[in-house]
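Written below as structure tokens is the structure these notes are about.
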2 protein chains.
Amino acid sequence: MALDKVLDQLDGDADHALERLFTLLRIQSISTDPAYRPQCREAAEAMAADLRSIGFDAELRDTPGHPMVVGHNNDAGPDAPRFLFYGHYDVQPPDPLDLWETPPFEPRIVERPDGTKMISARGAQDDKGQLMTFVEACRAWKTVTGKLPVRITVFLEGEEESGSPSLPAFLDANADELRAAAALVCDTSMWDRDTPAICTGLRGMMSEEITIKAASKDLHSGLFGGPAINPIRVLSKIIAGLHDEEGRVTLDGFYNGVHETPDAVKEMWANLGFDPAAFLAEAGLSKPAGEADRTVMEQLWARPTCEFNGITGGYTGEGFKTVLPAEASTKISCRLVGDQDPHAIRAALRAHVEAHLPEDCEAVYHAHGSSGGIALSADNPVIQRAKQALTDEWGKEAATIGMGGSIPVVGEFKDRLGMDCLLVGFGLDDDRIHSPNEKYELSSFQRGARSWARILAALA
Amino acid sequence: MALDKVLDQLDGDADHALERLFTLLRIQSISTDPAYRPQCREAAEAMAADLRSIGFDAELRDTPGHPMVVGHNNDAGPDAPRFLFYGHYDVQPPDPLDLWETPPFEPRIVERPDGTKMISARGAQDDKGQLMTFVEACRAWKTVTGKLPVRITVFLEGEEESGSPSLPAFLDANADELRAAAALVCDTSMWDRDTPAICTGLRGMMSEEITIKAASKDLHSGLFGGPAINPIRVLSKIIAGLHDEEGRVTLDGFYNGVHETPDAVKEMWANLGFDPAAFLAEAGLSKPAGEADRTVMEQLWARPTCEFNGITGGYTGEGFKTVLPAEASTKISCRLVGDQDPHAIRAALRAHVEAHLPEDCEAVYHAHGSSGGIALSADNPVIQRAKQALTDEWGKEAATIGMGGSIPVVGEFKDRLGMDCLLVGFGLDDDRIHSPNEKYELSSFQRGARSWARILAALA
């Protein structure tokens, strides 16, 4: 049977697959930092070339930001169903660099005392390792049978970690080319090391950068301290007012569109054997800090947040400088669920800032991405087939789970192309994505590719 | 008369004096940044060499931080009174560099359309330009008369901008060598461009760096957002609570030891013709932000503050990173007046932090300098003589004023050596010390040296 041969091919070619992934991981495609623009393009070129080598007509498509990669493979013939695979070739900045045990862009295999192995690098999981599981599955099918079981369009972006600014216009301009039976997205996690999972719920996101400007220049705190307004004081008052004592977000209308989790879903979650204490302990914590009347699982999968991702102002170097800074700024992101409207929440946040802005201060806003939450029905046939394929590969029933993160493209596919997503990924909670020492289990990479090979067969 | 010849000598040697100052300004003696340790030493060596060239037995004295420079000149004979001149050869960091119109360590003369000239460089005023006014006065006396009118010990430190960590122990260890009739300190300002001033009141300072640590590592806000405590949220709540709506500091006992300004002093201040609106406008501001029931002059000279000099946490680079940081920190400094106890205030600040620290969070404290406020009596004979000398030089009666800044060494001299300070300086409010484009008026430098030449004569 073809599938068995494809799986054997993946096993036999595992070393080469790893070398191909390492080549991609060495490219510093950090999309948030303009200094790395050439490296982002290099990663896109590398992906397009690799896709062409396995029968895709892949090419770069320029955008105002980093290029998209689009490639079609119609070997399966005009009657075969067509699916869109989405991934992203960009990665998060690696800082703080001094916390990495090995350099972030020099990928390597690290073997644990128990013999298990992991791939250590920035992007090892998010999303280079994950997307290559799909590419390797395609390669194996092409090698063994000369074609893929279904028609596939691969669509990769390079701005996912920057809020995907070019994505909406690109989807609108290329809707007919990109619309397919469903999108396949590999950017999520397994339930645990042994249990594959399909994600059917995702949080959305609204992110905003706010700068409070006060004096026309940095001032000396001796000469001006007292009479001169301090923007750090103003900013801290503003953001300190965003949560009440119970951990609830105080913005007007913030919880509009947040639905209660159905009891049946809560019950399913309860059966997953999630251990909140162990989850928190993995991060060195012991007490949930979200809404006081919600379980950790609800806080993660079903409740919105308002988080401060960064703050800066004044002198932050070694030692002391008695400066009154001219400005201070923060980066805020809200994770959204259900039918929360990201635009209404951005407006409420700005209104909160304006309401607390003293005389002589000005707030400057910089909108980053916004997307609503997503909930997929678990009885979708694509989900059902993929679930069986995953169960076959891992020997354990695949879970259908929620996820605390956001994949804005899922909402964009739904809104702009009317297309649902199959969210299958092989990450683990301890992969440290976006943090120093990001890793991807070698087993995730190898059995991930085998899983996709099975899913492609199941979708035919 | 000798003094007239000394003043002529200063006028005739003005170009060389400027070149000597420029040589000192080119040395990047940034004491707060450990990377500039060699340059701090270089500045100390340069000062010692220059002092030796005019008859001081100057040498470097090592400390755990940057070296002290100590030099004695006893040419005036054993019966002449002895004074200690104090200054500092270190400077503030120059950042943000992109706001400098000319490079901070390439001093130059800038001529205004009205013909007045200023010296532009980091340290041009604070304190290299100021301390060199005294050195040039000594040089002129030495050149003209072969000696100084009084015995002088010059004592320079290189950690003033870092909170003077090595100073207290050094004073204790060298008390007999350093104790003198009074200390002469040139680190303050004139009342305005035409009016010399002696500062008889200074604010003290207590500075503290506070880091809030939460998770054991940076977290992904999708995977952990909600349950994981965010240290920026914790820190902002803590510092937002330090001021009430009226601009008063809320720390327990903060105002203990703050005395009401006597009516006579308020009246003297009122006669100085201070324009609060113009003062604020110079910084692009219009509304005083200190205690609502105090005038701007009181807020500056007679009332304590609690300021945030810096804050940092999470991702602060270009673009966005959806991280939950492991820690966030702030640098806080309180300007102190009257008999406020810096140690009690540090303790109250730490108690405030601990009282608002949620579970799973830890606060790490790093104490920087602390010194109480200073008030000198205007009828001190040294002050009276200097006042006359200044009035003679500038043709306008010297003002006795307060100052919003802190010169911790003044408190240390009082506490450890029982020595009062004569605070005479030639800075102006618009000198932008600690900010980009720091400058010193050429007239301040040149007439400052003439002023010290007169003061040395008056003290004999």
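Listing for the model above:
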read-out: Residue, nearest to A:Met132 (Cα to Cα), within the stretch A:89-114, restricted to residues that are outside any loop (DSSP other than H, G, I, E, B) and within 14 Å of chain B (Cβ to nearest Cβ); value: A:Val91
read-out: Residue match in the stretch B:384-399 (condition: crowded, with 23+ Cβ neighbours inside 10 Å, outside any helix (DSSP H, G or I) and not polar (S, T, N, Q)); value: yes
read-out: Any hit, the stretch A:115-123, residues being part of a loop (DSSP other than H, G, I, E, B), more than 16 Å from A:Glu441 (Cα to Cα) and in the same structural domain as A:Phe22 (by TED's automatic domain parsing); value: no
read-out: Number of positions in the stretch B:3-31 that are out of contact with any Pro (no Cβ under 6 Å at 6 or more places or on another chain) and within 14 Å of chain A (Cβ to nearest Cβ); value: 2
read-out: Qualifying residue in the stretch A:250-268 (condition: at the interface with chain B (Cβ under 9 Å from one of its Cβ atoms) and under 17 Å from B:Gly226 (Cβ atoms)); value: no
read-out: Residues being of a type in the set (A, V, I, L, M) and surrounded by fewer than 24 Cβ atoms within 10 Å (Cβ to Cβ) - total across the stretch B:289-309; value: 3
read-out: Per-region count, the stretch B:369-403, residues within 14 Å of chain A (Cβ to nearest Cβ) and either β-branched (Val, Ile, Thr) or in contact with a Lys or Arg (Cβ under 6 Å, 6 or more places away or on another chain) (or both); value: 3
read-out: Single residue of the stretch A:270-284 satisfying the filter (among the hydrophobic types (A, V, I, L, M, F, W, C) and in contact with a Ser or Thr (Cβ under 8 Å, 6 or more places away or on another chain)) that is nearest to the other protein chains (Cβ to nearest Cβ); value: A:Ala283
read-out: Test: residue in the stretch B:269-292 that is assigned to a helix (DSSP H, G or I) and in contact with a strand residue (DSSP E or B) (Cβ under 9 Å, 6 or more places away or on another chain); value: yes
read-out: Set A:Asp11, A:Asp50: member being out of contact with any Gly (no Cβ under 7 Å at 6 or more places or on another chain), surrounded by fewer than 18 Cβ atoms within 10 Å (Cβ to Cβ), in a helix (DSSP H, G or I) and among the acidic types (Asp, Glu); value: A:Asp11
read-out: Qualifying residue in the stretch A:377-384 (condition: under 18 Å from the mean Cα position of the chain (by Cα) and acidic (Asp, Glu)); value: no
read-out: Odd one out for A:Glu359 among (1) more than 30 Å from B:Glu282 (Cα to Cα); (2) part of a loop (DSSP other than H, G, I, E, B); value: (1)
read-out: Among (1) without any contact (Cβ under 8 Å) to a residue 40 or more places away in the chain; (2) within 14 Å of chain B (Cβ to nearest Cβ), the one test that A:Pro38 misses; value: (2)
read-out: Single residue of A:Leu184, A:Leu171, A:Leu178 found to be under 12 Å from A:Tyr86 (Cβ atoms), modelled with pLDDT of 95 or more and touching a Ser or Thr at 6+ places or on another chain (Cβ under 9 Å); value: A:Leu178
read-out: Selection count, the stretch B:195-211, where residues are within 30 Å of B:Asp392 (Cβ to Cβ), small (Gly, Ala, Ser) and under 15 Å from the mean Cα position of the chain (by Cα); value: 1
read-out: The listed residue being of a type in the set (Gly, Ala, Ser), modelled with pLDDT of 95 or more, buried (at least 19 other Cβ atoms within 10 Å of the Cβ) and not assigned by TED's automatic domain parsing to the domain that holds A:Ala398, out of A:Ala355, A:Ala326, A:Ala283; value: A:Ala326
read-out: Every residue from the stretch A:58-96 that is touching a residue at least 24 places away in the same chain (Cβ under 8 Å) and of a type in the set (A, V, I, L, M); value: A:Ala58, A:Met68, A:Val69, A:Val70, A:Ala76, A:Ala80, A:Leu84, A:Val91
read-out: Helices (runs of 4 or more DSSP H) contained entirely in the stretch B:154-250, each with at least 2 residues that are crowded, with 24+ Cβ neighbours inside 10 Å, assigned by TED's automatic domain parsing to the domain that holds B:Arg335 and touching a residue at least 24 places away in the same chain (Cβ under 8 Å); value: B:221-224, B:231-240
read-out: Any hit, the stretch B:410-424, residues being under 18 Å from B:Asp192 (Cβ atoms) and assigned to a strand (DSSP E or B); value: yes
read-out: From the options A:Thr322, A:Thr295, residue that is facing chain B (nearest Cβ under 7 Å), in contact with a helix residue (DSSP H, G or I) (Cβ under 8 Å, 6 or more places away or on another chain) and among the hydroxyl-bearing types (Ser, Thr, Tyr); value: A:Thr322
read-out: Filter result for the condition that a residue is at pLDDT below 95 and surrounded by fewer than 19 Cβ atoms within 10 Å (Cβ to Cβ), over A:Pro34, A:Pro81, A:Pro38; value: A:Pro34
read-out: A:Gln446 free of Cβ contacts under 8 Å to residues at least 12 places away in the same chain, more than 13 Å from chain B (Cβ to nearest Cβ) and part of a helix (DSSP H, G or I); value: no
read-out: Qualifying positions in the stretch B:285-318 - without any contact (Cβ under 8 Å) to a residue 24 or more places away in the chain, of a type outside the set (D, E, K, R) and out of contact with any Ser or Thr (no Cβ under 9 Å at 6 or more places or on another chain); value: B:Ser286, B:Thr295, B:Val296
read-out: The listed residue being within 27 Å of A:Ala328 (Cα to Cα) and in a loop (DSSP other than H, G, I, E, B), out of B:Arg303, B:Arg346; value: B:Arg303
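The values are calculated or read from the model by the stated rules, or taken from the named source; none is laboratory data. Computed from a predicted structure; not experimentally measured. Every residue, glycine among them, receives a Cβ derived from its backbone with ideal geometry; neighbour counts consider all protein chains shown.
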